[in-house]
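Okay, so here's the structure we're looking at.
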Amino acid sequence: MRVVVTQPIHREASEKLRSAGLDVVESAQARPVGGQELADLCAGAAAVITHLTDRVDATVFTANPQLRVVANVATGYDNIDVAAASGAGVAVTNTPDVLTDATADLTLALMLAVARRIPEGDAMLRRGEYTGWQLMQHPMGLDVSGRTIGIVGMGRIGRAVARRAHLGFGMPVRYVGRSPGHPADDAEIGARRVGLPELLAQSDFVSLHCPLTPETRHLISAAALRAMKPTAVLVNTARGPLVDERALARALRAGEIAGAGLDVFEREPEVESELLDLRERVVLMPHVGSATESTRRRMSEVAVANVLSVLAGDPPINPVS
């Protein structure tokens, strides 16, 4: 059976496919594919391993009725038409859990970098502008410890962020979730489930961890930004389109909120030019939430394990559909 790998994965993972006697067609280029190009690439394939930048639509399933599984190397799967896959009898899998800690760590790093203005201080020092300690010296930051964090999406990553924030920094936690957490778990991390308007109004830091759906696209709109505290910081390590980037840039410029830390963007790899123009209390990272060597390697391994399970006639390990 043939397995198509749309973009490079770790060699140890792809070798497991070959060791299982599978015919592996692996692209050497880290370039997204989709539509008819991906449909053609999957000709004769029983499985395809995709990346979150690939677009897997109904064309792929219509053209390849022999396809049995799409294994996405990501936690999110908004790049795949899951309904079309289910209709074609194709399993869709993802790589949850393995990137939880790495993404939660980066979320806290962005919070601290924005609040304590670390990039600005580093740049100032390198420009030779530091003249010594002063009581009211630039850049002056925001407190983190004891401040309230609002988490939108209390899944694995959201809860990992809440745990770090509460147990590490003594932060009260407010969260928006599809269902309430276990009372004992919520009590341990100082968490209380609220509605989005209350979360926006009460939080000093708003951190996004929900999936991208038609309902959550531009969840953080101009109106939502106006509902936040003027001293609040927005952090997004989930999906770029959750935030209206142009509205965010204008809210920051107008002082409607104090800062933002973003690892994902609305039109990746493009970034809203008005955001790029901002140099104070804005930290932008190139979608590196899971980018540690061990985490990315494990993501490749999990995707391969899902393929091997389905092609062996067993249920997928991490089913989405």
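The values are calculated or read from the model by the stated rules, or taken from the named source; none is laboratory data. Fair warning: this is a prediction, and the values are worked out from it, not measured in the lab. For neighbour counting, all protein chains shown are included, and Cβ atoms are generated from backbone atoms with ideal geometry for every residue, glycine included.
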Exercise for review: State yes or no: is A115 assigned by TED's automatic domain parsing to the domain that holds T231, modelled with pLDDT of 95 or more and surrounded by 20 or more Cβ atoms within 10 Å (Cβ to Cβ)?
Suggested key: yes
Point to revise | Pair list, Cβ under 6 Å, 6 or more apart: the stretch 214-232 residue among the charged types (D, E, K, R), other residue assigned to a loop (DSSP other than H, G, I, E, B) | key: R226/E256
Revision key, fill the gap. Residue count, the stretch 73-129, condition in contact with a strand residue (DSSP E or B) (Cβ under 7 Å, 6 or more places away or on another chain) and in a helix (DSSP H, G or I), comes to 9
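Conditions tested, residue by residue: (1) touching a helix residue (DSSP H, G or I) at 6+ places or on another chain (Cβ under 8 Å); (2) of a type in the set (A, V, I, L, M).
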residue: L284; (1), (2): yes, yes
residue: H287; (1), (2): no, no
residue: T292; (1), (2): yes, no
residue: T295; (1), (2): yes, no
residue: S300; (1), (2): yes, no
residue: L308; (1), (2): yes, yes
residue: D314; (1), (2): no, no
residue: N318; (1), (2): yes, no
Practice item. Check Y175 against each of (1) under 30 Å from D81 (Cβ atoms); (2) out of contact with any strand residue (DSSP E or B) (no Cβ under 7 Å at 6 or more places or on another chain) and name the one condition it does not meet. Key: (2)
Exercise for review: Answer yes or no as to whether G128 is of a type outside the set (F, W, Y) and more than 28 Å from D185 (Cβ to Cβ).
Suggested key: yes
Review point. Picking from D244, D277, which residue would you name as being modelled with pLDDT of 95 or more, under 30 Å from A30 (Cα atoms) and more than 17 Å from the chain's Cα centre (by Cα)?
Key: D277
Check your understanding: Do we find that T107 is in the same structural domain as H166 (by TED's automatic domain parsing) and within 22 Å of C210 (Cβ to Cβ) in this structure?
Key -> yes
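Every residue, every condition in (1) not hydroxyl-bearing (S, T, Y); (2) not assigned by TED's automatic domain parsing to the domain that holds D122, yes or no:
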| residue | (1), (2) |
| --- | --- |
| T213 | no, no |
| K229 | yes, no |
| R246 | yes, no |
| A258 | yes, no |
| E268 | yes, no |
| R298 | yes, yes |
| E301 | yes, yes |
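Go through the residues of the stretch 47-64 one by one and say whether even a single one is in the same structural domain as V152 (by TED's automatic domain parsing), of a type in the set (D, E), touching a residue at least 24 places away in the same chain (Cβ under 8 Å) and crowded, with 18+ Cβ neighbours inside 10 Å.
no
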Practice item. Take the residues in the stretch 158-185 that are charged (D, E, K, R) and modelled with pLDDT under 95, then tell me which one is surrounded by the fewest Cβ atoms within 10 Å (Cβ to Cβ). Key: R178
Check your understanding: Which residues, counting only those in the stretch 298-319, are buried (at least 16 other Cβ atoms within 10 Å of the Cβ) and either within 20 Å of Q66 (Cβ to Cβ) or touching a His at 6+ places or on another chain (Cβ under 6 Å) (or both)?
Key -> S300, A303, V304, N306, V307, L308, S309, V310, L311, P316
Study note, to complete from the structure: Checked the stretch 130-166 for anything in a helix (DSSP H, G or I) and out of contact with any His (no Cβ under 8 Å at 6 or more places or on another chain); matches are R156, R159, A160, A162, R163, R164, A165, H166
Exercise for review: Could you tell me whether any residue of the stretch 308-321 is closer than 30 Å to E26 by Cα, part of a loop (DSSP other than H, G, I, E, B), more than 18 Å from the chain's Cα centre (by Cα) and polar (S, T, N, Q)?
Suggested key: yes
Check your understanding: Out of all the residues in the stretch 262-304, which are in contact (Cβ under 8 Å) with a residue 60 or more places away in the chain, among the small types (G, A, S) and more than 19 Å from L112 (Cα to Cα)?
Key -> S300, A303
